[in-house]
Structure formats: structure tokens, C-alpha cells
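The structure appears right after this line, and notes come after that.
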Amino acid sequence: MTLLKTSMYAGLIILAIIILRTIALNKLPKAGFLAMWGVALLRLLLPFSFPSKWSLSAILARSLGRFGGGAQGLNNEVKLIFDGLSMQKTSANIWQKIEELCPNAAAIWLVIAAILFVLFSLGLIKSYSAVRSASPVGKNELIDEWRASHKLLRPLRILQSDRITTPAAVGIIRPRIILPKAMSLSDRRAVGYVLTHEYCHIRRLDMLWKMLMLCAVCIHWFNPFAWAMLILLNRDLEISCDELVLRRCGEDKNERKAYAYSLIEMAEARGSSPLICSHFSRNAAEERVTAIMKYRKASVPAVVVAVVMVLCLTMAFSASGSHDAPAVKVYIPTQEEILKNGYPVNRNGETFGPQVIDILDSPDLVLAVNDEGVVGYVRPDEDDGSKVSSPEEAAAYMAAGPHEQFINMYTEDGQTVIGKFFVGSNH
């Protein structure tokens, strides 16, 4: 799968999540949105997909191939034979087209990706500079009590630094919670909220999420949906942690209100923070406060809906149609070549290629694409019931009644069968 095609599918996933998020952010479990973002992130990072007849590309192909009756019922056969459609234009690799318009497209992509990688790396280094200057928190009864009730398999250190204004969680293998030195450690409720929030980030490996997302943005920097995902995924990581904090600390209205006030105070104190850290975000404070005040324990129907949405996104957008799987390579002459030299001839003396409007005679083997996206050649005369010589005769044949007939698709040799082509009508 090409980079542009991967980015296109990922963009569709992200668009679908943005729509769902706008409609149901405070109605579905927040973990469900993280699972959806996980599907989008995998689509951005993985260069392959698995074939499925339920993928969006396969569904669209079947719909375009079999939808409608009457004039629409002319279907692929008439469209390809009489409309002069050149599959060279529709099946050519988009990246190759871009390279034709901009020969240095690959180099430009690589340079910008490298620049972003360097910038994000510098942000990571800046994040860890606060760690190097941080010092361990002294003896504190509240923190010791909190540690006793929040175990972690990885060693967790709690530090203080005068280089940050809001709490932050850094590190994956050796996680650390860094507190601002200006923060009071005597408020039991506030300290509990802050440490639990950052603890949830660490336990869930949110730092890894963010690093993978930054890598995806470096690769797909040309896709605006990737940048939208970078912003919204960071927000949803925070909102999901807020939900976990409420589950641990209390879900009643007073507890939610107290946590929201703590959040606002942290957001107001926030200075500039690098993307790689997990921290209280002032930009999304309003959205987070709203989510906190509207928080309710997820109902069974809401969980079921979230699971179904994740599965639907995975099947519809992450999978591909069968045409994305390795297929037999078919030679397709361009219209320019045909106009200049005529239709090419295979070893059996049969002409083949796309129908060209400026040439009255049709080739013996006509270029076609079936409803599964397979590109190959068909012999129109193989359909015994639809021997037509004009669009009008084809329309009359299709309007005569329902036809459910398939003919073979071949490579340019006219012998190697690579699929079936639907020439009937569903009505």
C-alpha cells in the first residue's frame, strides 16, 4: 500500500472519529475513543492492510459496480466499452502522478519529515532537561500514604523542579512524576488528584502513545488530519485520565467539582510545555471541565456502542479490498500510445487496451475493472445474451429484465484468468 493511500485511509478514520467525538464525547466511555485513535494510529504507521470484503474500498467498489437500474444499469461493461474510459488514468499510482508534476516530491517529503523529527527530538530533550534538574521530594506524609496505595511494577520516582509550572509525567521504562516546587504539598485532596492523574498516564504508557503519534506526524506531515489527530489524541488522553481519577477518588458531584477546580488552577498556572509530556492543558481546560462535570459511570449500552464503533472503524477503514492484495500485473497501454501506434496485439493476434473515443474500432480485449477492484481485460462477446453494438442496444438489453451473469477477466494475453466481471443487472 502506498504512502498516500495509507494516509488517505487514515484520514477517513480520523474524520469519522472527529465526527463521533463531536456527537458523543460525553456519552461514550473515553477509553472507546482512545481505542479508535489506536486504530487510526496503526493505519498511519503500518504500511500494509488485510483484505476484507467489508472494507470501505470493497463496499464502494461493489456499490459502484452494481448500483442502479435502467441507464445506471448499463454497469461497468457499457461504461468501459462505450464511454471511452481510460483505466490508465484511474488506476495509475497517485504518487507517480505527483512525481510527474514535481520530480523532487520524494526528496521534499523526506526533508520535511527529517526536519520535524529533529524538532520533536529537541522537544523531547527539552522535556528531559527538567528531569535532570529535578530533585527528589523530601519526606512527606501525604505522598508516602499515596505511594502505599498506588503500586507500580516499574520504579516510580516523584520529583520537584523549579523549571516547570504544572505537574508532568515523563519516562516509559523509568517513569517519573515531576511536581512544581511552587506547588503546595499540604493539600491532601489536590496532591491526591495530581499524583493519581499522572499515575494513570504512566500506568497506561501514554508517553508511548505520544511518541508514536509524533512519528506518525513526521511521516504524514502533508495530511492535515494527522495534525488534527495529534491535538485531539492529546486531549483525549487527558480526558480519559480525568475519568480514571474520578473512578479512584470519587464520582459524586462535590468530588467532581473539586477536581474541576484543581484542573482550572493547574491550567492557569501552566506555562509552555513540550508535546511529549503528559500535563494539565490550558487549551483544552474548558472541554475537560465539561467532561468532568458530565461524567457518569458508563452504562452497558454505551460500552457496547463503543466496542461496535471500534470494530466498524477497524473493518471499514483499516482493512482493504481484495484489490489491495498482490495481484497479477496487467499491461495497460496509454491512449497516446494507442493513437500513435494503434492497439497492441498479443501472441494470439488479439488487440487489447482501453476503448479510445477517437478510434471507431474496439479492441478484441477491452480494459475493465470489476466490482472487487481487479483490473484486467474482458471479451464483450463472451456474454451470449448481451451482444450489442451500440450504447442504445446495451441500454435496451439491460432494461429487458434482470440479468445475473459474469464473464472472465484476463491479462493482456487473453488466456490467464484473473477474475470475474459482472455484466448483469440486479434488477
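Packing, taken as the mean count of other beta carbons within 10 Å per residue, orders the peptides 256-262, 336-342 from highest to lowest as 256-262, 336-342.
Based on Cα contacts under 8 Å between residues 6+ apart, the range 94-181 shows a relative contact order of 22 percent.
Here, the range 159-226 yields an orientationally averaged convex hull projection of 5.9 nm² when only Cα atoms define the hull.
Counted by neighbouring Cβ atoms within 10 Å, the residues LYS30, LYS253 run from fewest to most as LYS253, LYS30. Arranged from fewest to most other beta-carbon atoms within 10 Å of their beta carbon, CYS218, CYS200 become CYS218, CYS200.
The 3J(HN,Hα) values that the Karplus relation (6.51, -1.76, 1.60; θ = phi - 60°) gives for the range 329-340 are, in residue order, 6, 10, 7, 10, x, 7, 4, 4, 5, 5, 5, 7 Hz. Gly and Pro appear as x.
FYI, it's all coordinate maths here, none of it is from the lab. All values reported here derive from a predicted model rather than from experimental measurement. Because the Cβ atoms are built from the backbone with ideal geometry, glycine has one as well, and the counts that use them run over all protein chains shown.
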